[in-house]
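Structure, as structure tokens:
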Amino acid sequence: PDTLRGAGALINLPIGSALTPQDIEQWPSISGGQFSVVTGANAMKWQTVEPNAPGVYDWTDADQLVAFAKQNGQLVRGHTLLWHNQLPNWLVNGFDAGTISKNQLWGLLEKHIFTELGRYRGKIWQWDVANEFFTDASPSGIDPTNWWITALGESVIPQAFRWAHEADPHALLFYNDYNITGEDGTNAKFTAVSTWVQQQRDKGVPIHGVGTQAHLDTQYGFDPQRFQSDLESYGKLGLRIAITEADVRTNVNNATDQVPTDSLAQFAQPFEYSAMLQAAISVPEVISFTVWGWTDYDSWVPSTFSGEGYACIYDVNQQPKQAYYSLLKDL
Ligand code: XIL
């Protein structure tokens, strides 16, 4: 096969990408042809779907994503229901100013989950229910300064999973986070997250899997063996695993053409992509491998990490890079 999705199909591993509306409109043959599972880069976040006022919804981008997936025979990963970022201003400001009470905030969250999951019931394969609650500290734990935790306490996370399961009983529900498979060169967060997920499941909380974002940086000394053994450890807990946001960033000369400062990055990057995919293939509990955007043109990296870029498998002109071929050859 000469596509990632075609090659992935032969070994039963859906290969995915996050998509922006522009990826869908401007490059449908790559967005539809190379991938068999898609995630909205922003389309399903709370700020996107209910931006201006409670109860006033905008499903434009989410509907577009789901329709595109259907048209192209793709699965969908829903992303994300409970996160401290990209929340509507009316929600955060309202609660912080005291015009939304704690009880009302619980009610708004419940309504958010039931409305969004209800709209797409049966059409979403996996949901990232909760995103990025653990600290990077060692030892790690749930971040006490997280907006949701200060607002409602730690029980907000299991409650979100319970509501999501009730709203769409067939969707696989994930806890999603970064640096939980050693991407930063430590295992602090892996230990904290795996312990917590196991405790929650022992209490009957419907968490079906762990999503490892897998945002790599060529400066951090990625350890493929640790990545694989962490995946195996999650698998041994009876969890499904999804690689949810893979990319490999490096220092670049400028954000426009994103040429690596150190030319060795051109070798490190395909190696690291390939190592992640090989680990994913070798661990049977891994059910999907998703990159966080396929083109450097609209990657989240340059605007988030100053001076970095070149993170994706296609360049700024939508031409496949060595990283693309390194994935294709592994499948
Ligand atoms: C990013 C999007 O790609 C950007 O377009 C947006 O401006 C910020 O969010 N971890 C996540 C994703 O879970 O939701 C983030 O997506 C990238 C980091």
Surface/4 of the Cα convex hull for the chain, nm²: 15.6
Per the Kirkwood treatment, what hydrodynamic radius in Å, one decimal, follows for the stretch 45-177 from the mean inverse distance over all distinct Cα pairs? 15.5
Rg over Rh of the stretch 292-331, using C-alpha atoms and the Kirkwood radius, what does it come to? 1.02
Between 0 and 90°, nearest 10: helix 60-71 axis offset from the chain longest Cα axis: 50
How many lysine pairs does the stretch 6-330 hold where the Cα atoms are under 25 Å apart and the two sit 8 or more places apart or on different chains? 14
What helix-only [θ] at 222 nm does the chain give? Using -39500 (n - 2.57) per DSSP H run of at least 4, over all residues, to the nearest 500, the answer is -12000 deg cm²/dmol
Which three numbers, in whole Å and largest first, are the semi-axes of the equivalent ellipsoid of the stretch 35-106 derived from its Cα gyration tensor as √(5λ)? 29, 11, 8
Where both residues lie in the chain, what percent of DSSP beta bridges are antiparallel, nearest 5? 10
Using a Förster radius of 25 Å, what is the FRET efficiency between Tyr57 and Trp147 based on their Cβ-Cβ separation? Nearest 0.05, please. 0.70
For q = 0.10 Å⁻¹, what log10 I(q)/I(0) does the stretch 117-230 give under the Debye formula with an equal point scatterer on each alpha carbon and no solvent? -0.32
Under 11 Å, Cβ to Cβ, from Phe114 - net charge with Lys/Arg +1 and Asp/Glu -1: -1
Quick calc of log₁₀ I(q)/I(0), the stretch 262-311, Debye, one scatterer on every Cα, no solvent, q values 0.15 1/Å, result -0.53
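Coordinate-derived values only; no laboratory data. Since this is a predicted model, take the numbers as computed values, not measurements. Ideal geometry is used to build each Cβ from the backbone, glycine not excepted, and the neighbour counts take in all protein chains shown.
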